[in-house]
């Protein structure tokens, strides 16, 4: 019994034999089709959307007439190591630590200056006898105890002044050491930011090349598809009495064109996967660059004596230097 090809018609063809549906083999999904995302994962992505990272080479998808820059313009600028590539010198503001220490101990100095070692006796008798007398009372001789306390108060004031000077020197030395430490950290952060900028620029140039490569691959794919489909439609008709050699040549050419079409499809799929990996790498490097820029800015503000905002709590602290 001859196996009939499955026929589709809007007319009455009930008398024609049909191939059972169970014998129909569905084609495998393309390699570039992703697996379905579970519902919980879709809800999580909706509630926590990823930050949008603008890709410079997306312009090729939005504008088909866009052309990538020339090869000599795509190469990222190399990170220079000469003196011209050194980070800028951030001036550290001047700070009068001696005045700050004096202001801190001002209340203590005033208290000691006004401290009465021995309370002066009231000249009640003289005031009682002559209420209008405004003359000063006669000086009273100081006792040994009073003289001892005055000496101890003077020595205490001297030691407090010496301690204030020592404290000022300590703060000054610590500020110099801390300034040098932050300056070294800033130089390292600045160099890391420049290096990360070069990495991102290299990925952008690679993405621009990928857009042009994808355009060429799709053109080759479309050409291979048209040739293969056109050759199928040009199958020799037995009514035209073709020879066996004609049929063999047609079949060999058909196999070759379909193989070329398959190779073009695989090349496009591979390029799509490569561009997807490139996009993910670009997003990771951009996030890394953003983090490095935050570190560089924080160190720059510290050197400039400006208030620094804590990224964890969002609180603004006093200048460190």
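The values are calculated or read from the model by the stated rules, or taken from the named source; none is laboratory data. Values in this document were obtained by computation on a predicted structure and should not be read as measured data. Here the Cβ positions follow ideal geometry from the backbone for every residue, glycine too, while neighbour counts run over all protein chains shown.
Miscellaneous remarks
- Failed condition for residue 238, given (1) in contact (Cβ under 8 Å) with a residue 12 or more places away in the chain; (2) surrounded by fewer than 16 Cβ atoms within 10 Å (Cβ to Cβ): (1)
- One residue alone among 274, 300 is closer than 30 Å to residue 190 by Cα and touching a helix residue (DSSP H, G or I) at 6+ places or on another chain (Cβ under 9 Å), and that residue is 300.
- Residue in the range 139-146 that is modelled with pLDDT of 75 or more and outside any loop (DSSP other than H, G, I, E, B) present: no
- Residue check, residue 247 over 23 Å from residue 287 (Cα atoms) and touching a helix residue (DSSP H, G or I) at 6+ places or on another chain (Cβ under 7 Å): no
- Some residue of the range 244-266 being part of a loop (DSSP other than H, G, I, E, B), at pLDDT below 90 and more than 20 Å from the chain's Cα centre (by Cα): no
- Qualifying residue in the range 121-131 (condition: at pLDDT 70 or above, in a helix (DSSP H, G or I), exposed (fewer than 12 other Cβ atoms within 10 Å of the Cβ) and in contact with a helix residue (DSSP H, G or I) (Cβ under 9 Å, 6 or more places away or on another chain)): no
- When the range 267-314 is filtered for residues that are within 30 Å of residue 229 (Cβ to Cβ) and free of Cβ contacts under 8 Å to residues at least 24 places away in the same chain, the ones remaining, listed by number, are 270, 276.
- Test for residue 181: is it modelled with pLDDT under 90 and surrounded by fewer than 16 Cβ atoms within 10 Å (Cβ to Cβ): no
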